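Q: One structure coming up, written as structure tokens, with questions to follow.
The values are calculated or read from the model by the stated rules, or taken from the named source; none is laboratory data. Given the structure is predicted, the values throughout are model-derived calculations rather than measurements. Note: ideal-geometry Cβ built from the backbone for every residue, glycine included; neighbour counts use all protein chains shown.
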Amino acid sequence: MYKTHSQPVMTSAQEVINQKCIMLVDDDPIFRRITSAFLNAQGYEVIEAENGLDALQKLRNADTDLVVCDLSMPVLDGIELVEEVSLEYPSLPMIVVSATDEMSDVAKALRFGIKDFLPKPIENHQHLASAIENTLKDSFDHLSDQRDFSSQWFCVDDGGEIPEDQELHWHLDYLQDNPSAAKDLLHALLPDKDTHQGIWKCSYRLLQSADVMPLVFDYAWMMNGQFAFYLVDSSSADQGGAATTLLVRALFHDYLRNLKSFNPDLKDMADILEKGIQCSECATPVNALFGIADLSEATVSILPAGLDAQWSNGYVNQHIAAGNQLGSNCKKNFITQELPIRSGCQLSMSCLGASSFSLNIHQGSTN
């Protein structure tokens, strides 16, 4: 069993900690002993488990508020545990700890809904305390299911504002200091290459050099059948490519979740993203492109933000000029509106010797 929570109320840090039970899952008894002692000193009750199977057995009889688990364990590893917990206890928040060479596994865990991760070894246990406190507060206030991990990192609100005293800079410092880990994380967070809704199918293909920070594509289906997407060239930022790309990801999805109407607006989206970049000390202007396919009307609208692209439906070809970067007043750029999809269209771009990208939108059978 795990605890359920009452109606959301404003809570202090101490109220978040009081009576909360943390399950610590790790096969290293020294790590468990040191971390348990720290959490006990912070006021938490701690239940220890030596692997994923042990954790699942203890969850059945424990009133657990949050799970902290290692990814690399015998018997039942962290990824398997995260998957099982997400199915059996979907409201139970989880934080994972991971060695720096396991970023692809971290990304897999993030896809199952974990709320944070910490690099191992944990050199500063205050980072763990901050991660637990923020995750528990979100869970208590019923925000946990509304945020993805990058939204929680940046603590974004409905308007894209990022309070400086709340941003978790240490996560982003870690990624900036470990470019290989940052690349692995961004690569592993790419969505499924093929997706569909009704008769419409969307697929993308991305080829790129492993030597540079990647192009990152992401998308979301709207309830009315619209397909919103973006492309970010994380290598185009001077220093904070990974941080900026994760910020775009967070604000893009939060914008769509918080729409007051069903119709996303590219200028409004760009405005929120640029405010976010301005508020963040870790983010810098970056080359990007944003689009919305209105599949009920079979049209696509595209806002460039530093990326040059080509669009074609087999009858008409359209050049999309790069314009200003995202973060450098890209709202002034011209939106190419209501390009006709017909039975199918392709959006493509290429950086010679570095990367190429194509997005195909077309009609297909529902089978």
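Q: For Ser312, which of the numbered conditions (1) more than 21 Å from the chain's Cα centre (by Cα); (2) touching a residue at least 60 places away in the same chain (Cβ under 8 Å) fails to hold?
A: Every listed condition holds for Ser312 apart from (2).
Q: Could you check segment 204-226 and list, in sequence order, the residues that are at pLDDT 90 or above, more than 18 Å from the chain's Cα centre (by Cα) and over 14 Å from Ser356 (Cα atoms)?
A: Gln226
Q: May I pose another question? Just to be sure, is Ala242 exposed (fewer than 14 other Cβ atoms within 10 Å of the Cβ) and at pLDDT below 90?
A: Working: exposed (fewer than 14 other Cβ atoms within 10 Å of the Cβ): no; at pLDDT below 90: yes.
So Ala242 does not fit the description; no.
Q: Another one. Quick check: is even one residue across segment 347-362 among the aromatic types (Phe, Trp, Tyr), farther than 16 Å from Phe227 by Cα and touching a strand residue (DSSP E or B) at 6+ places or on another chain (Cβ under 8 Å)?
A: Filtering segment 347-362 down to residues among the aromatic types (Phe, Trp, Tyr) leaves 357.
Among the residues that remain, those that are also farther than 16 Å from Phe227 by Cα are: 357.
Retained after the next criterion (residues that are touching a strand residue (DSSP E or B) at 6+ places or on another chain (Cβ under 8 Å)): 357.
Yes, segment 347-362 contains at least one residue that is among the aromatic types (Phe, Trp, Tyr), farther than 16 Å from Phe227 by Cα and touching a strand residue (DSSP E or B) at 6+ places or on another chain (Cβ under 8 Å).
Q: I need a count of the residues in segment 219-251 that are in a helix (DSSP H, G or I) and among the hydrophobic types (A, V, I, L, M, F, W, C).
A: Counting residues in segment 219-251 that are in a helix (DSSP H, G or I) and among the hydrophobic types (A, V, I, L, M, F, W, C) gives 7.
Q: May I ask you to list the residues in segment 316-335 that are under 21 Å from Ser203 (Cα atoms), surrounded by fewer than 21 Cβ atoms within 10 Å (Cβ to Cβ) and of a type in the set (Val, Ile, Thr)?
A: As a first pass, look at segment 316-335 and keep what is under 21 Å from Ser203 (Cα atoms): 316-320.
Those still in the list that are surrounded by fewer than 21 Cβ atoms within 10 Å (Cβ to Cβ) too: 316-319.
Val316, the sole residue that qualifies.
Q: Every residue in segment 325-350 that is in a strand (DSSP E or B) and either closer than 14 Å to Val232 by Cβ or in contact with a helix residue (DSSP H, G or I) (Cβ under 8 Å, 6 or more places away or on another chain) (or both), please.
A: Passing the criteria: Leu326, Met349.
Q: So, in segment 287-308, exactly how many residues are buried (at least 17 other Cβ atoms within 10 Å of the Cβ), touching a residue at least 60 places away in the same chain (Cβ under 8 Å) and either among the basic types (Lys, Arg) or under 22 Å from Asn360 (Cβ atoms) (or both)?
A: The total comes to 9.
Q: May I pose another question? Among the residues of segment 100-137 satisfying the criterion of being among the hydroxyl-bearing types (Ser, Thr, Tyr) and in a helix (DSSP H, G or I), which is nearest to Arg33 (Cα to Cα)? Walk me through it before giving the result.
A: Filtering segment 100-137 down to residues among the hydroxyl-bearing types (Ser, Thr, Tyr) leaves 100, 104, 130, 135.
Then keep just the ones that are in a helix (DSSP H, G or I); that gives 104, 130, 135.
Working: Ser104: 28, Ser130: 19, Thr135: 22 Å.
Out of the qualifying residues, it is Ser130.
Q: A follow-up question, please. Can you tell me which condition Asp254 does not meet? The list is (1) over 18 Å from Asp233 (Cα atoms); (2) in a helix (DSSP H, G or I); (3) modelled with pLDDT of 85 or more, and all the others hold.
A: Only one criterion is unmet by Asp254, namely (3).
Q: Condition check: in contact with a helix residue (DSSP H, G or I) (Cβ under 8 Å, 6 or more places away or on another chain), crowded, with 17+ Cβ neighbours inside 10 Å and at pLDDT 95 or above. Does Ile361 satisfy that?
A: no
Q: Okay, moving on. Out of the residues in segment 286-309 that are assigned to a loop (DSSP other than H, G, I, E, B) and closer than 12 Å to Ser348 by Cα, state the one that is nearest to the chain's Cα centre (by Cα).
A: Restricting to residues being assigned to a loop (DSSP other than H, G, I, E, B) and closer than 12 Å to Ser348 by Cα, the top hit is Leu307.
Q: Okay, moving on. Report yes if some residue within segment 236-244 is of a type in the set (D, E, K, R) and within 19 Å of Ala305 (Cβ to Cβ); otherwise report no. Steps first, please.
A: As a first pass, look at segment 236-244 and keep what is of a type in the set (D, E, K, R): 238.
From what is left, the residues that are within 19 Å of Ala305 (Cβ to Cβ) are 238.
Checking segment 236-244: at least one residue is of a type in the set (D, E, K, R) and within 19 Å of Ala305 (Cβ to Cβ).
Q: Within segment 351-366, track down each residue that is among the small types (Gly, Ala, Ser) and assigned to a loop (DSSP other than H, G, I, E, B). Talk me through it step by step, then tell me what you get.
A: First, the residues of segment 351-366 that are among the small types (Gly, Ala, Ser): 353-356, 358, 364-365.
Within segment 351-366, Gly353, Ala354, Gly364, Ser365 meet the criteria.
Q: With assigned by TED's automatic domain parsing to the domain that holds Glu133, of a type outside the set (D, E, K, R), surrounded by fewer than 22 Cβ atoms within 10 Å (Cβ to Cβ) and closer than 18 Å to Ile132 by Cα as the only criterion, which of Ala37, Ala49 stands out?
A: Testing whether each residue is assigned by TED's automatic domain parsing to the domain that holds Glu133, of a type outside the set (D, E, K, R), surrounded by fewer than 22 Cβ atoms within 10 Å (Cβ to Cβ) and closer than 18 Å to Ile132 by Cα leaves just Ala37.
Residue by residue, here is whether (1) free of Cβ contacts under 8 Å to residues at least 60 places away in the same chain; (2) of a type in the set (Asp, Glu); (3) under 22 Å from Pro29 (Cβ atoms) holds:
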residue: Leu66; (1), (2), (3): no, no, yes
residue: Leu81; (1), (2), (3): yes, no, yes
residue: Ser91; (1), (2), (3): no, no, no
residue: Ser98; (1), (2), (3): yes, no, yes
residue: Ala107; (1), (2), (3): no, no, no
residue: Leu118; (1), (2), (3): yes, no, yes
residue: His125; (1), (2), (3): no, no, yes
